[in-house]
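The block underneath contains the structure these notes are about, expressed in structure tokens.
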Amino acid sequence: MRAISVLPKSRELRVQQIPEPRLEAPSDVRLRMIEVGVCGTDREICAFEYGTPPAGCDHLVLGHESLAQVESVGPGVTELRPGDWVVPMVRRPCPHAHCVACRRGRQDFCFTGDFRERGIQGAHGFMTELVVEDERYLVPVPAGLADVAVLVEPLTIAEKALLQLWHVQERLPWECPHRPGKDHGHCRRALVLGAGPVGLLGALALRAADFETIVYAREERPSPKADWVEAIGAIYVSAREQSPSELAARHGAIDVVYEAAGASQVAFEAMQSLGANAVFVFTGVPGRKSPVPIDTDGLMRQLVLRNQIVFGTVNAGRDAFEAAVRDLGRFEARWPGALRALISGRHPLEAHRELLLGRPAGIKHVLAIGAPG
Ligand code: BGC
């Protein structure tokens with residue numbers, strides 16, 4: 001069968017023929033891959049700046065944002081049946097007994113860094129026709145969401161951030177008003193930095209939690225992204241119209257910043273707009289550029305005197321995957337067509353070079369690998 005792989009030693013990206021995987025353990029599930037999304041991490045791996053093949057292997061099969069259909073199941077599989085739709089999780093636990101996170105199934109918080117990530121780090125990914133995976137790493141998706149479910153994995157980034165935000169804001173005695181079922185009060189304005197798929201999905205999640213949401217991005221208006229943002233009831237601000245530090249002055253104090261641009265200078269500038277008791281969440285992984293000066297005294301004073309919290313978040317556990325599946329359904333009901341509009345193109349395998357090595361216009365590009373059964 002065909003697989004899209006990188007070969008780091010010879011610095012090649014190519015379509016390879018690899019053997020079909022077989023069910024081995026009783027809890028194994030064989031999947032027919034239907035769609036795989038292309039993201040910045042895949043492009044970095046193709047530029048040989050990131051990513052590692054499995055031990056003893058010269059190639060890494062790419063792809064970690066995916067949607068699959070169950071083809072067959074081992075005798076120990078309890079929840080899944082052929083024909084079911086699933087999204088596989090990305091990270092697999094490290095082997096160390098002392099890593100409590102991995103031992104508790106929370107490898108998204110792994111302490112050792114010896115985890116594997118499918119399509120990224122030490123494990124083959126999903127840009128291939130068939131995949132075998134243990135049932136415990138598969139998240140079921142209702143058939144009615146199959147058209148947009150390739151967005152589950154990129155949405156898990158926002159879901160994990162929000163789950164942590166609710167925990168962090170438990171520190172406020174009146175509780176964060178955006179927790180489902182809570183009354184409104186303080187904490188109502190969110191700023192999203194970046195209008196790529198992670199930023200726009202984050203904006204949807206924040207709007208669904210009833211945050212007044214501002215999306216701050218490079219692109220000038222008029223733009224389809226600005227229209228999309230306004231259609232979900234959020235505000236679009238172009239970096240050409242306002243500087244990050246002007247945002248709070250114009251819109252009021254910001255309670256949550258969801259950073260999804262990987263641009264550190266803009267992020268630290270926007271940090272100055274954080275209000276009292278606010279939280280800043282980093283999700284982007286910036287490339288290494290030359291250092292930029294920041295006013296460390298000013299920032300430290302502000303963080304302390306306004307009770308602010310800054311945290312970074314990566315990868316996601318089953319709770320965030322399940323929340324993402326649930327939220328896709330809620331988003332579809334509240335803003336019909338908004339999710340579909342994020343998928344700019346579905347392409348055959350042959351288009352992989354231009355998607356992985358080029359800079360295709362649009363938001364999320366997807367490889368259509370197999371036909372649904
Ligand atoms: C993936 C995460 C992964 C991270 C770091 C992201 O693109 O969505 O699952 O943990 O890269 O490798």
Could you tell me whether any residue of region 22-36 is within 15 Å of the ligand (Cβ to nearest atom), touching a residue at least 40 places away in the same chain (Cβ under 8 Å), closer than 16 Å to residue 150 by Cβ and touching a Phe, Trp or Tyr at 6+ places or on another chain (Cβ under 7 Å)? yes
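Listed here are the residues, each with its yes/no results for (1) touching a Leu at 6+ places or on another chain (Cβ under 6 Å); (2) farther than 26 Å from residue 313 by Cβ.
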| residue | (1), (2) |
| --- | --- |
| 63 | no, no |
| 66 | no, no |
| 70 | yes, yes |
| 76 | no, yes |
| 81 | no, yes |
| 109 | no, no |
| 117 | no, no |
| 129 | no, yes |
For region 193-304, give me every one of the helices (runs of 4 or more DSSP H) that falls completely inside it and has 3 or more residues that are within 16 Å of the ligand (Cβ to nearest atom), in contact with a helix residue (DSSP H, G or I) (Cβ under 7 Å, 6 or more places away or on another chain) and hydrophobic (A, V, I, L, M, F, W, C). 197-208
Kindly indicate whether residue 135 is buried (at least 19 other Cβ atoms within 10 Å of the Cβ) and either more than 16 Å from the ligand (Cβ to nearest atom) or closer than 22 Å to residue 1 by Cβ (or both). yes
What do you reckon, is residue 364 among the charged types (D, E, K, R) and open to solvent by 30 Å² or more (accessible area, probe 1.4 Å)? no
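Yes/no matrix, rows are residues, columns are (1) in contact (Cβ under 8 Å) with a residue 40 or more places away in the chain; (2) within 15 Å of the ligand (Cβ to nearest atom):
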| site | (1), (2) |
| --- | --- |
| 103 | no, no |
| 112 | no, yes |
| 140 | yes, no |
| 151 | yes, yes |
Every residue in region 340-373 that is part of a strand (DSSP E or B) and closer than 15 Å to residue 67 by Cα, please. 343, 346, 347, 364, 365, 366, 367, 368
Scan of region 268-295 for residues that are more than 27 Å from residue 162 (Cα to Cα) and more than 26 Å from the chain's Cα centre (by Cα), ordered by number: 290, 291, 292, 293, 294, 295
Applying the selection to region 6-21, what residues are farther than 13 Å from residue 132 by Cβ and either without any contact (Cβ under 8 Å) to a residue 60 or more places away in the chain or open to solvent by 40 Å² or more (accessible area, probe 1.4 Å) (or both)? 6, 7, 8, 9, 10, 11, 12, 14, 15, 16, 17
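Yes/no matrix, rows are residues, columns are (1) touching a residue at least 12 places away in the same chain (Cβ under 8 Å); (2) farther than 25 Å from residue 46 by Cα:
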position	(1), (2)
263	yes, no
267	yes, yes
278	yes, yes
291	no, yes
301	no, yes
307	yes, yes
362	yes, no
372	yes, yes
Taking the criterion of being closer than 26 Å to residue 146 by Cα and either surrounded by 19 or more Cβ atoms within 10 Å (Cβ to Cβ) or at pLDDT 95 or above (or both), would at least one residue in region 91-99 satisfy it? yes
I'm trying to understand the selection: among the residues of region 48-73, which are surrounded by fewer than 22 Cβ atoms within 10 Å (Cβ to Cβ), touching a residue at least 60 places away in the same chain (Cβ under 8 Å) and within 16 Å of the ligand (Cβ to nearest atom)? 49, 50, 51, 52, 53, 54
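The values are calculated or read from the model by the stated rules, or taken from the named source; none is laboratory data. As the structure is a prediction and not an experimental result, all values here were calculated from the model. We place every Cβ from the backbone using ideal geometry, glycine too, and count neighbours over all the protein chains shown. Ligands, DNA and RNA are excluded from the accessible area calculation, which covers all protein heavy atoms including side chains. Shrake-Rupley method; radii C 1.70, N 1.55, O 1.52, S 1.80 Å.
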